[in-house]
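Every number here is computed from the coordinates shown, using simple stated rules; none is lab data. None of the values given here were measured: they were computed from a predicted structure. In this analysis, Cβ positions are derived from the backbone assuming ideal geometry, glycine residues included, and neighbour counts consider all displayed protein chains.
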Amino acid sequence: MSDVGTVLSAQRGVVEAPAGCGKTQLIVDVLTEPSELPILVLTHTSAGVAALRNRLLARGVPTNRYKVATIDSWVMHAIGCYPQCAGYVVDPENINYIATREAAIRLCNNGAINSILRASYGRLLVDEYQDCSVSQHALITALSNVLPTIVFGDPLQAVFGFGRDLLPHWQNEVLGYFPHLGTLNIPWRWNNVGAGELGAWLLQVRQLLLAGQSIDLRTCPNFVEWVPTPNNPAELIQTQVNAQFAISRQFPDDKVLIIGDSINPDTRHTYASRARGVNVVETVELKDTIQHIRCMIGQAGVPLLVAIVNFLKGVMANVNGDRLLTRTQSILNGRNRTPPTFQESAAVRICQNGGYPEALAFLEAMSQDRDRRVYRDVPFRMVVDAMNRVSADPNLNLVEVFISMREQRRHSGRVVFGRSIGSTLLLKGLEADHTIILDADNPARKRGMNANHLYVALTRGAKSVKVFSRSPILPGY
Amino acid sequence: MLVRHVEIRNFRGLREISWFPKQGVNCLIGPGDSGKSTILDAIDLAMGARRQYVFSDSDFHLYDISKDIDIRVTVGQLSNNLMNIRYGHFHRGFNSTNTTISDEPATSDEVVLTLRLHVQDDLEPVWSLYSERAEQNEEERNLAWAHRQEISPVRLGAYSAHHMAWGANSILNKMSTDKARAASALAAAARQARDTFSEVGCEGVDDVLGKVNTVAQNLGVPTQQTQALLDIRGVSFSGGAIALHDNRNIPLKNLGTGSSRLLVTGLQNHTGTSSVTLIDEVEHGLEPYRILRLLDELGAKSDNANTQVFMTTHSPIVLRELKADQLTIVRSIVMPAPPPQVAVEGEIPQQSIVLNTVISLFGTQEEQKLLRTNTEAFLAPSVIVCEGKTEIGLMRGLDFNYTECGHRGLIAHGCFWADGNGDPSLFNRAKIFASLGYRVAILMDSDVRTVQITLTEMQASGVSIYRWPQNHSTESALFSSAPAHCIQPLLSIACEWKSEDAIDYRIKEVSNNTYTLALCRDQFQEEMRPFLAQAAGNGSWYKDMEPSERVMREVVAPNWGLCGEVLTQPLGNLIQWIRQAPTAQPEQQVQAQ
């Protein structure tokens, strides 16, 4: 068992924290204890920082007790202070993160900087340690020579780890360096809502998954429902939407997370376009939207309309873009028989050498059309806001404005309301009342879930889990 | 927190100094107007939490407001607050081994912060932290106010009275941890006072109140029943309203300067908060035994690594109590500016350049010995290192003679003598003084053969040497030069000092019993002179301060014009050297401005 005392008295260590077992609460409790120096808390994502900060503010922990940052932002700050000692000058245009971590390690090996770090922080806590890459692990071990360091993580929740920077081996490299202080084992998330049975089942499942064994979805009948995947793809999505509506009818105020394909966002978007009232959890990068925006920049007239229609196709249901463009041409040429609709008139005004103001009017008209529906609200709102700003100040660059809004969003943290669809990567760290897993045993190697993804998916819902799969028994991995 | 480096540019008398002070006591000495107090002021202004100082044109060096005042004080032994990475862009490194500061701390460096005070011609002082990299990146940052108060030094000026009350920058304020409670008690007291005051009323203001009411009514300003009450805001905790009193209710503010300084220093040690103390004229207002007490309290005798004291003094008593390495010599030399290569029309020709030097003693045994034995010399701008006591006696005799005749004495020219303690020690001592920036001359005899290299080396260090020609000892130079009628008084002094037998013996010895004391004294002939000179030298007849002083004062000086060149030429040149001292301005040159 790991408690506040254990964490505060250890010089080095790992606290293993299965999902929903009070890890964040433990961190908050540690930071609540009065201490001479603030505690440095590092995590991976800006969203994680925002979430923890909000939790601390809500608990009323004095802000001088802690300093929360992402590993990378802390590294940038530190090497920015002592570029010569770090032997690295940050070029904001082109940041080599692996090099910045190596530079920060050089700071940790500098005796004078050590004294600065020891005067600044009483202790280091690192959250979500299972997501630390090899180079980040090297940095944290270097820091642990300067500050007492406790890391929190769960190897089964490691779903990141891509690109060149691999994850260190948990058993050999992480536990080989940081002594194991204990594993949290009370499933608070489920106990608190009267679903202790589900919580206990998930702890069992965790052991099975860790051991590489198969799990049977029928062994927790009160809380876990297995739904066989229909063979007909069209039938599949309708069944899934119906299942989701059934939950919403029964618990109208509850949060539902729908976990779709990890790799292909289009399938998730398709689901959202079919299920009214479902939000899409967007990636931080919003890569597809940026691409559309690049096509709009500096454009006017027909090319601008085409770019906007292409963008709308990906965020709005029933755009019928090709028909809209043909109709616009007919209207322009005076060959139309039926009078133009409100939306078509707006499109025509863009074609008559219209710019962003006309585009904004068109977007507004489209969003008000009862036959159409915006199912990706975030990119739609952001494009409208960015365009509004550029219309007000033509000196601004649409892409730059959009990127700055995106960065702002990155730092404000994620909040998910009502019913949302995302992937395990996007929904990790978020919790809801109910979870629906759309495809737990896709045979395609790339699209299937491994043990980690499955565990993360299964542990999102506090009250119920609904799993679509071909077999009730999910194989070991 | 300790001051590691002080850099001052264009501040009052200081054109440019760079100085690495030591921990513990740093006692600044030097001739008047050399900039000692200015250094204290600069440290105080740059580090202090005082904001009320108003800069004026006279704070600029030579009134030249085109050159900014720039004071940089680098502090080490930082508290956690200052060590915090929030000041990361400003942390610098101090290497104590080779006393250098680098812009970023290397692994074995001490982490330091540089506090900068910058004043441009708008006279608006700007306080900030300084590092090269932050300046390059145009990052500006100041110490947080609380941290500035934390490092703010305690200044004991001529008036320490404000420390005897709770007020801004007062030591009592620093000692008070629970200010809020005292403040509310004070506010309550002030309200009571107001109530009592309003009951009793204030005589003599009724008239005024009446007039105010009338005028207000005439103007239609609604003021009814104006009354005179105490203004509570005038009574604040940190406004100096609460002060220490003794058991007879006499405020401690009335303590003498010395006593209050002593008390404040004690309190300062007690709080242990600010570790830097600044004291002008440490001896001010204190009897010798209390000076020692104060120095003790300041930590002059202990090796406390956590405190630092900057003081100035003019007192030999203070100097004698200090260790040599606690001394720093501050000098400022006015150098004539080189003539401009090309005269630019309309340009004001620069008159002179001030060269400021701040040199700390190393604390070697020789320095320590020199300080103990020749304290007064350290307080003079020019030093004559005399070979021994005989030569010192001559100088003292000369000085007395000048004063007796109503002339300005040698000391008044800014000159003091030091005991060289014989050859070769005198050269070491001269070198020490010269390396500290003193103007140094040597007065020595020539009976011992001195290595030519030593003399050359002395000249290279800027030391002027005055000595008798032709291997004369001082005694032989005297007997070679004195006019005939002076031989008898010279012999009398020798007899008083050495006894007649001893003198007689020496004369007989060198003259092969040709002459005797009686003969030389009563029937002096010129052919006796060489024998007397040799006998005097061999017998060291005046080898102490008293006899040689008498010789000069009573015999040689009154007959100066009649004395031979062997004696008068070197001494004359030396006197010339003394009069040329920059500090020895001709009399009556001071003019009212």
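When the convex hull of its Cα atoms is viewed from all sides, chain A shows a mean projected area of 25.4 nm². In plain terms, the residue of B:PHE362, B:PHE400 with the fewest other Cβ atoms within 10 Å comes first and the most crowded comes last, giving B:PHE362, B:PHE400. Across region B:364-593, the mean sequence separation of Cα contacts (distance under 8 Å, 6 or more residues apart), normalised by length, yields a relative contact order of 27 percent.
Between B:TYR53 and B:THR214, the simple spin-label model (points 7 angstrom out along Cα→Cβ) gives 5.2 nm.
Counting every pair of alpha carbons in the protein assembly as shown, the share spaced more than 52 Å apart comes to 51 percent.
Counting only other residues whose beta carbon sits under 12 Å from that of B:ASP103, what net charge do I get with K and R as +1, D and E as -1? Numbers along the way, then the final one.
Working: positive: B:ARG92, B:ARG133; negative: B:GLU104, B:ASP109, B:GLU132, B:GLU135.
Overall, the nearby charge balance is -2.
Rounded, prolate or oblate, given the Cα gyration tensor of region A:387-477, with a/c below 1.5 counting as rounded? Prolate, since a/c reaches 1.5 and a/b exceeds b/c.
Taking 19 Å as the straight-line reach from the Cα of A:LYS463, the lysines in range (excluding those fewer than 8 positions away in the same chain) are A:LYS255, A:LYS428.
Ranking of B:TRP145, A:TRP170, B:TRP541 by neighbouring Cβ atoms within 10 Å, starting from the fewest: B:TRP145, A:TRP170, B:TRP541.
Shape analysis of region B:99-147 based on the Cα gyration tensor places the equivalent ellipsoid semi-axes at 24, 13, 11 Å, largest first. Counting only the Cα atoms, region B:364-593 fills a convex hull of 131 Å³ per residue. Dividing the summed helix terms, -39500 (n - 2.57) for each DSSP H run of n ≥ 4, by the number of residues in chain B produces a 222 nm estimate of -11000 deg cm²/dmol to the nearest 500.
Taking beta carbons within 10 Å but only from partner chains, what does the mean come to for residues A:320-329? It would help to have the intermediate numbers written out before the result.
On the way: counts 0, 0, 0, 0, 0, 0, 0, 0, 0, 0.
Partner-chain Cβ atoms within 10 Å, mean over residues of A:320-329: 0.
Just the number, please: Stokes-Einstein D of region B:91-172 in µm²/s, Kirkwood Rh from C-alpha pairs, 4 °C, 1.567 mPa s. Present the calculation step by step, with values, prior to reporting the outcome.
Numbers: Rh = 15.5 Å.
Stokes-Einstein gives a translational diffusion coefficient of 84 µm²/s.
With contacts defined as alpha carbon pairs under 8 Å and 6 or more residues apart, what's the relative contact order of chain B in percent? It would help to have the intermediate numbers written out before the result.
Working: 1022 pairs, mean separation 78.8, N = 593.
Once normalised by length, the contact order is 13 percent.
In this structure, the pairs whose alpha-carbon distance is over 20 Å, taken from B:LYS323/B:LYS389; B:LYS498/B:LYS543; B:LYS389/B:LYS498, are B:LYS323/B:LYS389. Sequentially through region A:72-81, phi angles give Karplus couplings (6.51, -1.76, 1.60; θ = phi - 60°) of 5, 5, 5, 4, 4, 5, 5, 6, x, 6 Hz, Gly and Pro residues having no value and appearing as x.
Per-residue Cβ neighbour counts within 10 Å put B:CYS520, B:CYS386, B:CYS486 in the sequence B:CYS486, B:CYS520, B:CYS386, beginning with the fewest.
The average projected area of region B:34-158, computed from the convex hull of its Cα atoms over all directions, is 9.2 nm².
Taken over the C-alpha atoms, chain B has Rg and Dmax values of 32.4, 120 angstrom.
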